[in-house]
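To start, the structure itself, in structure tokens.
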């Protein structure tokens, strides 16, 4: 079974399939193409509740028939050249469903400097939608653990969409449909501070990791969703970047320092049997100073959405830029500041309140 980076895989599939489609839709002359499907895209499933589709660089679509069997694929390598972010499919009459996968980078950028670590098995004609899955590039370390292979670069941002129902494409006119993208990839920034002796903090004194059973995501057509494969190994993420910052005002004895570690992970799942666990250990003493349920910590911010309440899973899916600062006192975890991206929401949580 051969797997490839998603967008490259789609480009190869399309090139090899000899598809006949009117892809140059930006021109007005559409003679000979007065039928088929216009498929539009939006990305408003976020906490801003705004359409941020301009974040998307390239997108690929897998086409399935009404029985959920794979038919063909198409890739748009540069979505910014396809405003208003739609694609044309020259499809014969019938009913169809779709799986869309999108990258933040354009196809040429992915070729020049690949940072995307998502892999997928190329579907074959007749394969079912429920057979489709996406997997993180990884290295197995034991029977139930897999290190996500970062190669120094963060994961490329991935979005997905699955049509909830089939769309009828007639033979004599256009059909129209819209897919709403869900951002899979999460940016998680961790900071670590010491209250008593802030000048002693050093990122090199600690190891940071996030573990979660989200190595493989399977298509669930009945829910129009991608769900974690709980039979797969636990994915272990290491930070792709670590550094210290100094603050002269934080300590009378000298410059206080804060340790930072940045992660990119796949989707976070609110599941009591599959916790996303953040672990911070002190290297020299080999003592675990932080072991936290990441979803529970992030979920403390939900009360800042005053206009619409979300379930924890929806909140995790809509958000994508989470920041957590942990405060230690004599090496013991005291409290945490949790915030989220550009929205400016923040909350301080005492460690004892998480029990």
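Is it the case that residue 298 is surrounded by 20 or more Cβ atoms within 10 Å (Cβ to Cβ) and modelled with pLDDT under 95? Here the answer is yes, as residue 298 does meet what is asked. The criterion of being modelled with pLDDT under 95 and in the same structural domain as residue 209 (by TED's automatic domain parsing) does not hold for residue 259.
Let's see how each residue does on (1) assigned to a strand (DSSP E or B); (2) at pLDDT 95 or above; (3) on the phi > 0 side of the Ramachandran plot; (4) buried (at least 22 other Cβ atoms within 10 Å of the Cβ):
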position: 154; (1), (2), (3), (4): no, no, no, no
position: 164; (1), (2), (3), (4): no, no, no, no
position: 172; (1), (2), (3), (4): no, no, no, no
position: 177; (1), (2), (3), (4): yes, yes, no, no
position: 196; (1), (2), (3), (4): no, no, no, no
position: 204; (1), (2), (3), (4): no, yes, no, no
position: 208; (1), (2), (3), (4): yes, yes, no, no
position: 236; (1), (2), (3), (4): yes, yes, no, no
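The values are calculated or read from the model by the stated rules, or taken from the named source; none is laboratory data. Computed from a predicted structure; not experimentally measured. Here Cβ is always computed from backbone atoms with ideal geometry, including for glycine, and neighbour counts include all displayed protein chains.
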